[in-house]
Amino acid sequence: MTGRIVLLTTTHRIAPGLLSWPAWEALRGADRVLCADAAHPQVPYLREAGVEVETAVPDARELVDACAGGATVVVVAAADGEPALTDGLARLAGSGRVEMPSLELLPGSYDVPGARLVDVVEVMDRIRRECPWSSGQTSAGLAAHSLEEVYELVEEIESGDLGAVREELGDVLLQVVFHARIAEEDPEEPFSIDDVAGTLVEKLVRRHPHVFGDAVAETPADVKAHWLREKAIEKRRSSVTEGVPLAQPALSLVAKLAGRARSAGLAVQVPGGGRAGLGTGAPAAAGNGVRQEEADAAVREGRGAVAPAVDPVDGFGAELLALALRAEARGVEPETALRAAARTYREAILAAEKAGAGEPADGGGGTGAYDAAGPTTAEAPPGTNGRAAEDSTASDGPSAAGSSGAR
């Protein structure tokens, strides 16, 4: 009889001591149980269950010899799977000169879906403790990073690049575990990533009574009705506008508010008279000399911004609001639609630049479209709110662009 070698593998992502029944049978029936790592997380639980575990590091030949006479030896493998030992056994078996015992790979425990999230939590915990930058961060300080990561995810989703989507999802997940890890240290209301996950699970189960309860939902509309009903019970809000974040992009904000109002059956008077057309801004003031139509045409043709007769915020704001409401009513997410149009516009700009070999529209004199319009808000110097810095002798009165308060 040549005996048997059982290589027992386990995962650190499952609580130690939770092993499959075949694993316990092999451990209890073995003549010897060996483990090279005295600190292996399974060892205390095996000994508590009455299994004698020897701390030993046999090479392949010693292990084969230990199986002489038909003995069974179980090796509790380390996290790396004992590659040196398995390679040595493979060489012995391939030599043809050694009578080999039977070899068996037995998973005692294995990762379940989502198990790698345990690694994420462990890594984040160590980074928070040991990294000079991460250890000093606050949730308030990370807020801008969190928003940026979500925008990057949306961009990759729209691009259709699944590899990039996978990476960006990881970056968003990092924000979740980072904020939760920071919250563990809060002196008044601490919570952990487990609390976050627990709250989410409870919410999902509660809002899907057709999946986890006796309710019936045969259509997406039925599901939405269940969701809204459960949400109303949970939140007990006094207004449909509660819970709508005002910091989100304006078009998405309008669409969200419109959807809430429609679901509640509210008849809402649109500010500004509900004008929905474009290019019909406020009339020009006497003596200005620039018609609104000319200003609109200049923007459409890429000739830069021509100052309108009056502050354009009220007029254009009302028109944009009306257009966003129309889009939402037709099932179009206005932010997505505008972003798609912006990408198309960007391609047109790139095509124009390519056609002109990168030269400014006026042939290089520095008075092209960019110069006429001036820098955008993002390009302006800090503290100027998108406006060029004013000369100290300039008029105290706000300019048409400055009075808009653009940010």
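The values are calculated or read from the model by the stated rules, or taken from the named source; none is laboratory data. Just so we're clear, the structure is a prediction, and the values are computed from it rather than from any experiment. Cβ placement follows ideal geometry from the backbone for every residue including glycine, while neighbour counts extend to all protein chains displayed. Protein only, heavy atoms only, side chains kept; ligands, DNA and RNA dropped before computing areas. Shrake-Rupley method; radii C 1.70, N 1.55, O 1.52, S 1.80 Å.
Among the candidates 43, 73, 57, 33, the residue that is touching a Lys or Arg at 6+ places or on another chain (Cβ under 6 Å) and on the phi < 0 side of the Ramachandran plot is uniquely 73. Right, residue 27: part of a strand (DSSP E or B), at pLDDT 95 or above and not β-branched (Val, Ile, Thr) or not? No; evaluated as a whole, the condition is false for this residue. Restricting attention to the stretch 235-256 and to residues that are open to solvent by less than 60 Å² (accessible area, probe 1.4 Å) and free of Cβ contacts under 8 Å to residues at least 60 places away in the same chain, the residue that is nearest to residue 325 (Cα to Cα) turns out to be 253. Of all residues in the stretch 257-273, those satisfying the criterion of being outside any helix (DSSP H, G or I) and among the hydrophobic types (A, V, I, L, M, F, W, C) are 264, 266, 267, 268, 270.
Considered as a group, the residues in the stretch 88-102 that are in contact (Cβ under 8 Å) with a residue 24 or more places away in the chain and out of contact with any Gly (no Cβ under 6 Å at 6 or more places or on another chain) include one that is most open to solvent (accessible area, probe 1.4 Å), and that residue is 91. Selection of the stretch 58-77 for residues being among the aliphatic types (A, V, I, L, M) and in a loop (DSSP other than H, G, I, E, B) yields 68, 71, 77. Among the residues of the stretch 85-93, not a single one is at pLDDT 95 or above and of a type in the set (Gly, Ala, Ser). Within the stretch 8-23, restricting attention to residues that are open to solvent by less than 70 Å² (accessible area, probe 1.4 Å) and aliphatic (A, V, I, L, M), the residue that is farthest from residue 104 (Cα to Cα) is 15.
Name the single residue that is farthest from residue 164 (Cα to Cα) among those in the stretch 115-152 being of a type in the set (Lys, Arg) and modelled with pLDDT of 95 or more. Spell out the reasoning first.
Here is the first cut: in the stretch 115-152, the ones of a type in the set (Lys, Arg) are 116, 126, 128-129.
Applying the additional criterion that residues be modelled with pLDDT of 95 or more yields 126, 128-129.
On the way: 126: 26, 128: 26, 129: 29 Å.
Filtering the stretch 115-152 for residues that are of a type in the set (Lys, Arg) and modelled with pLDDT of 95 or more, the one farthest from residue 164 (Cα to Cα) comes out as 129.
Residues to consider are 166, 126, 181, 206; find the one that is free of Cβ contacts under 8 Å to residues at least 40 places away in the same chain and surrounded by 14 or more Cβ atoms within 10 Å (Cβ to Cβ). Reasoning before the result, please.
Values: 166 fails: surrounded by 14 or more Cβ atoms within 10 Å (Cβ to Cβ); 126 fails: surrounded by 14 or more Cβ atoms within 10 Å (Cβ to Cβ); 181 fails: free of Cβ contacts under 8 Å to residues at least 40 places away in the same chain.
Result: 206 is the single residue among 166, 126, 181, 206 that is free of Cβ contacts under 8 Å to residues at least 40 places away in the same chain and surrounded by 14 or more Cβ atoms within 10 Å (Cβ to Cβ).
Taking the stretch 24-43 as the range and being over 18 Å from residue 58 (Cα atoms), open to solvent by 20 Å² or more (accessible area, probe 1.4 Å) and more than 39 Å from the chain's Cα centre (by Cα) as the test, the residues that pass are 24, 25, 28, 29.
Just one of (1) open to solvent by 90 Å² or more (accessible area, probe 1.4 Å); (2) not in a loop (DSSP other than H, G, I, E, B) fails for residue 143. It is (1).
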